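Okay, structure first, notes after.
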Amino acid sequence: MRNYPTAVALAAAALALAATAVPTAAAATTAAAATGTAAGSAPTLYVDNLISGTVTPVSIATNTPGKAIKAGNGPTSMEITPDGKTVYVVDSGPSTVTPISTATNTPGKAIRVGKGAYGAAMTPDGKTLYVADNGAGAITPISTATNKAGKPVKTGESPQFVAVTPDGKTAWAANLRSGTVTPVSTATNTPGKPVKVGKVPQWIAFTPDGKTAYVSNNGSGTVTPISLATNTPGKPIKVGLNPYAITITADGKTAYVSCTNGTVVPIATATNSAGKPIKVGHEPGVSVISPNGKTLWVTNGASASVTPISIATNTPGKAIKVGGAPSGIAVTDNGKTVYVVSQIGGTVTPISTATNTPGKRIKVGNNPWSIVCAPTICQSSSTAG
C-alpha cells in the first residue's frame, strides 16, 4: 500500500516508470458496500482504488457507495467525458485505460496505451483523451467515439502529466527528465518544439482566457509562465520547496501553488509575482475552488486534513480533519459539500462548507487514489492531475 506521495516521491516514482512499468498491485477485496448507488443514478462521484483494482461509485444524494467496478489492476488516475457518460480509468501496471459507462456502471474493454501510463486529460469537446505514457516518452490519443488508441506522439523523456488548453487546440505534456513541456496539436496529433522550463516539471495549469500556462518545476522550486500565443517561457517565479499542484481562480487573476514545505503560494498573474506564502498543513497537495470563488480547499497529505483559504484575504481557516493521506478532492456545483479521498483507511470524507465540519466517512476500496464526477455535478482535482 502506498502512503501519501509527496511531490518528491511522485517525481521519483515517475522517473522509475520510465525504466519499467509499475508492478501490478495485488488484488484485494473491495470494502465498498454492495448497495447504495444504483447504476446510472445522478449525481455520482467515482473513486478509483489502487490496491483493489476497482472504481467505487458514490451517490452524492445519500453519501453511500455503490458496488465496486473492476477496472484494471492498480488504477492511478481517471478522466470523465464532459457529458458525464463515460469514466476513463488509467492503470499504470498493464498500461491500459478502461472505459466505464456511467449509465450502467459497467466496464468496457481495456484500451492498450504506452508503457508506464499515468496522467490523462480530456479535450473540452470530449472527443479525445490524452494519456501520458511515462515510460514511452509519449502521449497516446484515444478516440472516445470508438475507444481506439491512436499512434503515440513522442514528447520527451518521462511525461507524467498532460493538460489540454481551454480552446482544446493543444495538449501539453510535462517531461520530467527533459525539463521541458511539449505542445501537441490536437488537430493533427503532431508535437511542436519542446519548451524549456525548470527541473522536474509536473503540473500544468492554464488561465481561463487561454493566454498563459503555468508549470510547476518540482526540482527547481519555481513556476514557469508560458505565453501560449508564442510558446515562449517567461522568467521562473520562485515559490518554495517542491512545488506541485496549481489551481487558478475563475477570473484568472491568481494561481495558487502547493509546496511541500507546508505552504500555498499565491501568484498574481498580472505581474507573475509571488505573494506571501500561506501556511497550511504538512505536505499540501491538490486543491479546488468553491463555485462562488471565495474559498480554496487544500489537502494536507501528511496532516490528514484539509485547509480552507479565503481567496479575498489569502488567510487560512482552521484545518478540518479527514482520513489519512488525502490525495483527491471535489466540490459540488452548488458549493455545499467538499469530498476528500483518503488513501489510508480507504474513505471519502464529506465536508459541509456551511460549517466546515466533516461528516461520516464513506468506505470505498483499498488505497483510493483519485476522484472524478461530471463537470455539471462538481469540480475535482487528484494526485495524478
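The values are calculated or read from the model by the stated rules, or taken from the named source; none is laboratory data. Because the structure is a prediction, the values reported are computed rather than measured. Here the Cβ is made from the backbone with ideal geometry for all residues, glycine too, and neighbour counts use every protein chain on show.
Would you check if ILE362 is within 23 Å of THR247 (Cβ to Cβ), more than 19 Å from the chain's Cα centre (by Cα), surrounded by 20 or more Cβ atoms within 10 Å (Cβ to Cβ) and modelled with pLDDT of 95 or more?
Numbers: within 23 Å of THR247 (Cβ to Cβ): no; more than 19 Å from the chain's Cα centre (by Cα): yes; surrounded by 20 or more Cβ atoms within 10 Å (Cβ to Cβ): yes; modelled with pLDDT of 95 or more: yes.
Taking the combined requirement at face value, the residue does not satisfy it.
Give the residue that is farthest from ILE248 (Cα to Cα), with candidates limited to residues of the range 289-303 that are of a type outside the set (S, T, N, Q) and surrounded by fewer than 23 Cβ atoms within 10 Å (Cβ to Cβ). Ranking the candidates gives ALA302 first. Entry remark, the range 153-187: residues being farther than 21 Å from SER95 by Cβ and part of a loop (DSSP other than H, G, I, E, B) number 8 in total. If I ask for residues that are touching a strand residue (DSSP E or B) at 6+ places or on another chain (Cβ under 7 Å) and either of a type in the set (Lys, Arg) or surrounded by fewer than 18 Cβ atoms within 10 Å (Cβ to Cβ) (or both), which ones from the range 304-314 would you list? Answer for the range 304-314, where residues must be touching a strand residue (DSSP E or B) at 6+ places or on another chain (Cβ under 7 Å) and either of a type in the set (Lys, Arg) or surrounded by fewer than 18 Cβ atoms within 10 Å (Cβ to Cβ) (or both): SER310, ASN314.
If you check THR56, THR76 for being outside any loop (DSSP other than H, G, I, E, B), of a type in the set (S, T, N, Q) and touching a Phe, Trp or Tyr at 6+ places or on another chain (Cβ under 7 Å), only one passes: THR76. Looking only at residues in the range 105-124 that are within 19 Å of the chain's Cα centre (by Cα) and over 10 Å from THR140 (Cα atoms), which one is surrounded by the fewest Cβ atoms within 10 Å (Cβ to Cβ)? Among those residues, the one meeting the criterion is PRO124. Residues that are in a loop (DSSP other than H, G, I, E, B), touching a Ser or Thr at 6+ places or on another chain (Cβ under 6 Å) and more than 19 Å from ASN300 (Cβ to Cβ) within the range 218-252 comprise PRO236, GLY252, listed in sequence order. Taking the conditions (1) surrounded by fewer than 20 Cβ atoms within 10 Å (Cβ to Cβ); (2) over 23 Å from LYS235 (Cα atoms) in turn, LYS199 satisfies each one other than (2).
Evaluation of LYS318 against the conditions (1) in contact with a helix residue (DSSP H, G or I) (Cβ under 9 Å, 6 or more places away or on another chain); (2) not in a strand (DSSP E or B) shows that the sole unmet condition is (1).
Condition first: within 25 Å of ASN272 (Cα to Cα), hydroxyl-bearing (Ser, Thr, Tyr) and in contact (Cβ under 8 Å) with a residue 40 or more places away in the chain. Can you find one or more residues in the range 143-162 that meet it? Scanning the range 143-162 turns up no residue that is within 25 Å of ASN272 (Cα to Cα), hydroxyl-bearing (Ser, Thr, Tyr) and in contact (Cβ under 8 Å) with a residue 40 or more places away in the chain.
Hey, can you tell me all the residues within the range 332-348 that are part of a strand (DSSP E or B) and buried (at least 24 other Cβ atoms within 10 Å of the Cβ)? Reasoning before the result, please.
Taking the range 332-348 as the starting set, the residues that turn out to be part of a strand (DSSP E or B) are 332, 337-344, 347-348.
Those that are part of a strand (DSSP E or B) and buried (at least 24 other Cβ atoms within 10 Å of the Cβ): VAL338, TYR339, VAL340, VAL341, SER342, GLN343, VAL348.
Taken over the range 236-295, the residue count meeting the criterion of being out of contact with any strand residue (DSSP E or B) (no Cβ under 9 Å at 6 or more places or on another chain) and either among the aliphatic types (A, V, I, L, M) or more than 19 Å from VAL306 (Cβ to Cβ) (or both) is 3. Could you tell me whether the range 365-374 includes any residue that is surrounded by 24 or more Cβ atoms within 10 Å (Cβ to Cβ), outside any strand (DSSP E or B) and modelled with pLDDT under 95? Within the range 365-374, one or more residues are surrounded by 24 or more Cβ atoms within 10 Å (Cβ to Cβ), outside any strand (DSSP E or B) and modelled with pLDDT under 95. Pairing each residue of the range 171-200 that is over 25 Å from ALA149 (Cα atoms) with any residue that is among the charged types (D, E, K, R) and assigned to a strand (DSSP E or B), provided the two are 6+ apart or on different chains, yields C-beta distances under 8 Å for GLY179/LYS196.
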